[in-house]
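Data block below; observations after.
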Amino acid sequence: MADTKTGIGASVRRKEDLRFITGKGNYTDDINLKDQTVGYFLRSPHAHAKIKSINTAKARKMDGVVGIFTGEDVAKDKLGGLICGWMIHSKDGSPMKAGPHPVLALDKVRFVGDQVALVVAETKEQARAAAQAIVVSYDVLPHVVDVAKAMKSKANVHDVAPDNRVFNWSLGNEADTNAAFAKAAHVTSMDIVNNRLIPNAMEPRAAIGSYDTGTESYTLYTTSQNPHVARLVISAFHGLAPEHKLRVIAPDVGGGFGSKIFIYGEEVACVWASKFIGGRPIKWTGERSESFLCDAHGRDHVTKAELAMDANGKITGMRVHTKAAMGAYLSTFSAAVPTYLYGTLLSGQYNIPNIYVEVDAIYTNTAPVDAYRGAGRPEATYVVERLVETAARELKMDPAEFRRKNFVTSFPHQTPVIMMYDAGDYGAALDKALDMSDYKNFASRKAESAKNGKLRGVGFSAYIEACGIAPSAAVGSLGAGVGLWESAEVRVNPIGTVEILTGSHSHGQGHETTFAQLVSERLGVDINNVLIVHGDTDKVQMGMGTYGSRSGAVGMTAISKALDKIEAKAKKIAAAVMESSVNDVEFKDGTFTIKGTDKKMGFGEVALASYLGHKFNTSEIELGLKESAFHDPSNFVFPAGVHICEVEVDVDTGLTKIASYTAVDDFGNLINPMIVEGQVQGGVAQGIGQALLEGAVYDEDSGQLLTGSFMDYNMPRAANMPHIENFQLGFTCTPCPSNPLGMKGCGEAGAIAAPPAVINAITHALGVRDIAMPATPLTVWTAMQSMKIAAE
Amino acid sequence: MSVVKMKLNGKAVNGDVEARTLLVDFIRQNLGMTGTHVGCDTSQCGACVVHVNGKAIKSCTILAVACESADVTTVEGLAKGGDLHAMQAAFKEHHGLQCGFCTPGMIMSAIDIVKRNGKNVSEDVIRRELSGNICRCTGYHNIVKAVQAGAANM
């Protein structure tokens, strides 16, 4: 073991914090380049319209205007459109119907906010004024914003999909599942809506694109979770420039939650247009209004779900039909979200012999929908855990015991929907959560709440998710356009300090600390002597970025493999320098020793020796100490846990308070428990936000986004969260067998688990079967009123 | 354009601004001090909170010219020499930040909350008074802990 204060398992305080708490962070908008101009996007005011003409003549003559670019300019230059990187086939074998997605709108706009023109000027005020002087003549077309209505709407978002259906995908055995339902002793059936969410990372998206006329190469600073994927897409699909002529830098990024995975038109337009203004950099910094209108949204599913049980309360089948909104265009990973990240998780923690799921992915005249924290898995968990809780109530069984009765208990476990669960102990997490939440005394707390005019309820969520995304061959066979491995390079400097180059990207997750802890553990190096380098395609050769809770299980495993090579080579050098056999070299706590002797060398001494080459034969052992590795996971990893939420509902106002929240999670081995807990707390807050506060609303008549600012879209604030003493976290541990560190992923669990826990608690408190998310005071109050009416 | 003069983090500064220039734009654009952030366009998120004459204020909600001769402190002005302000240290110690974008505003608001409510400020007051600062990463749990700890050490 290394110094336990900085090695694996220690709650090391974060190395990256100093710059953030002192105002020295370096976010994209903090960067200003020489001769920089400002970009501003003119956006569509209509949900759906033909562009008849765009007149920029007056705007071009205005003060400070450097250039104005429209979809025609993009088309003329043959810059490719935005892509969806995952091909899904319908159950009839036909490929998904992907409509065109130009960088700037061409001929048509398809949602309010669609970018119509890029105006470049010396100042933002000038750019904005010029944008307002552009005259766009529109022919307004019928639109549709409601996913449930889109297939029968007059509106046709893309010609290629006349009924607005992108694909009709299925998974599982329909005949066997139908047979299970025919034999069922009890069937629980529900209509389930998963509300549309707007990610709202606190840093709005931003980009600075520039073209160097001397080297004929481009540089793009952008708020990206995966700069290498951005470079790959902009090179290979947009065709802007080959990869060696395009550098993409994602500096400090202020949160992502999925929304900064995708390649958007704005950054492509900025970097492309720079060439046409003599290479001057173009900086675009999104306003929050633009984040609301144009960042890819999350969720927006309408589902019919059924659960079949036998006479003993054993689940025998599940049948699910989901309509999933895609928005106006297929965003980068959108097609994968309601399919392979959703249908594959419908078995939950349960032994369900027959599952059949069908998904209609549907265009609507709204912002695109893509991965948002959890991506498909929160939607799946919501379906499973609402069904299971409701089934238990209908069977008059304790919801905890109904779950336990149906838990998967032996591993590996093959579900009927692709996934092979490798390890877990769901009963242990349930026991721990029941104990920590003091479930057995719930009745007395309920009575206490009742005295204060409050209805108390308790809700469970036993979630599982698949992350550590993902085995490349497997995802390739399912339609992914990329492999989902990760890379790492370990550079040991001559004085023994270490630089780690990783393809993962940190935008709040604390990689600069946790990755350094791994190095400290393995090499015995102080974490302050470890530098984590990420987010620059000129420094790190290639990588797949950070999303899907993959940076630990996949990214750190790549580092671990490179460290294996470093250790092996360092041992050879140590053996040569100490004139011993490599088989006798032992390495522990940063020191190389020779078995049975008092010979020893520190890691730093070996590092120096490796670069001096004085004391070993450099024709036998190559100079230097630098190794790299790629890691392709052999399976997904399967974090799982049990969350228990207690709510108090105010009878007079319908206000729901989270009375207590208990999260017990199995993430396998933890590198830094403090950071892991922070991830759970943040994820749960987003889940509570979805359940109680947040919901994107488009006006059906106008197609306008009604929840377009922080004054209309209810973000969780400090007072919405449970008190410190009422928010408990616990862990169980079944190490992941598919990576050497035994890690699973922790980034999305909270957002996946929390919504059903909260809604199950509210429905329990009210004694109703369902309540819509977000369960606002109005929604809850209305439900209570209608119950009173029904009772009268 | 007119010239505005003020004290920023103890140093005299000045610059040419338009009448409509917001304090946050003066700080970020004219002075190149980028610790103060802009996270919204409706004065809701609090990423831009600074202290003007000792009081917390959203710098997107006041004109630069309205701060003529004012004493302005940003997050860059909190640490004295190499020593972090107690609230900065508490945010690090209690993992009160993840992506760091809301952090400057959070810290500036937190200091103001403690100044007005005292070292023993309650959890309820902290949560209520942080309503003008939005964080998307932490769920506020560790921010509240940090403010309590920072308060004790201020």
Next on the checklist: If you take each beta carbon of peptide A:26-37 and count the beta carbons of other chains within 10 angstrom, what is the mean?
Outcome noted: 2
Item to check | Qualifying trypsin sites (Lys or Arg not before Pro) in the range A:30-72, DSSP loop, other Cβ atoms within 10 Å at most 11 | outcome: A:34, A:61
Checklist outcome for this item: Rounded to the nearest 5, the percent of antiparallel DSSP beta bridges in chain A equals 80 percent
Next on the checklist: Using the Cα centre of the protein assembly as shown as the reference point, and only Cβ charges (+1 on K/R, -1 on D/E), how large is the resulting charge dipole? Debye, rounded to the nearest 20.
Outcome noted: 720 debye
Next on the checklist: Taking 8 Å as the Cα distance limit and 6 or more residues as the minimum spacing, I'd like the relative contact order of the range B:2-75 as a percentage.
Outcome noted: 40 percent
Item to check | Span from the the range B:62-94 Cα centroid across to the the range A:356-396 one, whole angstrom | outcome: 45 Å
Next on the checklist: Per-residue counts of other Cβ atoms within 10 Å, averaged by peptide: what ranking do you get for A:198-204, A:732-738, highest first?
Outcome noted: A:198-204, A:732-738
Next on the checklist: Checking the cross-link filter: which lysines have an alpha carbon closer than 16 Å to that of residue A:52, excluding same-chain neighbours under 8 positions apart?
Outcome noted: A:108
Checklist outcome for this item: Among A:715, A:558, A:612, the residue whose Cα sits farthest towards the positive end of the charge dipole of chain A, when +1 is placed on the Cβ of each Lys and Arg and -1 on the Cβ of each Asp and Glu, is A:715
Item to check | Cα-Cα separations in chain A greater than 49 Å, expressed as whole percent | outcome: 20 percent
Item to check | Span from the the range A:453-509 Cα centroid across to the the range A:136-215 one, whole angstrom | outcome: 25 Å
Next on the checklist: Taking loop as defined by DSSP and a crowding limit of 14 other beta carbons within 10 Å, which GluC sites (Glu not before Pro) in the range B:28-123 fit?
Outcome noted: B:68
Item to check | Amide N proximity, the range A:562-577 versus residue A:615 label position 7 Å along Cα-to-Cβ, cut-off under 16 Å | outcome: A:570-577
Checklist outcome for this item: Listed with the fewest Cβ neighbours within 10 Å leading, A:101, A:413 appear as A:413, A:101
Checklist entry - Charges only on Cβ, +1 for Lys and Arg, -1 for Asp and Glu: so what's the dipole of the range A:561-651 about the Cα centre, in debye to the nearest 20? => result 740 debye
Checklist outcome for this item: Within 10 Å of the Cβ of an average residue in B:38-50, the count of other chain Cβ atoms is 5
Item to check | Gyration tensor (Cα) of the range B:2-75, equivalent ellipsoid semi-axes in angstrom | outcome: 17, 13, 11
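When the chain is fully extended, how far beyond the present Cα-Cα distance does residue A:314 get from residue A:723, taking 0.36 nm per residue of separation?
Gain on stretching residue A:314 to residue A:723: 143.5 nm.
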Checklist entry - Can you pull the Rg over Rh of the range B:86-153, Cα-only, Kirkwood? => result 0.90
Item to check | Peptide-level mean, for B:122-129, of C-beta atoms on other protein chains within 10 Å | outcome: 3
Checklist entry - Taking neighbour counts of Cβ atoms within 10 Å as a proxy for exposure, in what order, fewest first, do A:422, B:71 appear? => result B:71, A:422
Checklist outcome for this item: The size of the Cβ-based charge dipole (Lys, Arg +1; Asp, Glu -1) of the range B:86-153 about the Cα centre, to the nearest 20 debye, is 40 debye
Checklist entry - What order, most packed first, do the peptides A:65-77, A:685-697 have when packing is the mean number of other Cβ atoms within 10 Å of each residue? => result A:685-697, A:65-77
Checklist outcome for this item: In the structure shown, of B:55/B:119; A:565/A:600; A:50/A:76, the pairs separated by more than 29 angstrom at the C-alpha atoms are none
Checklist entry - Sorting A:551, A:137, A:217 on the 10 Å Cβ count, fewest up front, what's the list? => result A:137, A:217, A:551
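Share of antiparallel DSSP beta bridges in the range A:650-792, in percent to the nearest 5?
Given both bridge residues lie in the range A:650-792, the antiparallel proportion sits at roughly 25 percent.
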Checklist entry - How far is it, in nm, from the label point at residue A:186 to the one at residue B:131 when both lie 7 Å from their Cα along the line to the Cβ? => result 4.4 nm
Checklist outcome for this item: Checking rank on A:377-387, A:278-288, A:571-581, A:661-671, with mean other Cβ inside 10 Å and highest first, the result is A:377-387, A:661-671, A:278-288, A:571-581
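Laboratory data are not the source of any read-out in this text; all were calculated from the coordinates shown. Note that this is a predicted model, so its numbers are computed, not measured. Neighbour counts are summed over all protein chains in view; Cβ atoms, including those assigned to glycine, are modelled from backbone coordinates with ideal geometry.
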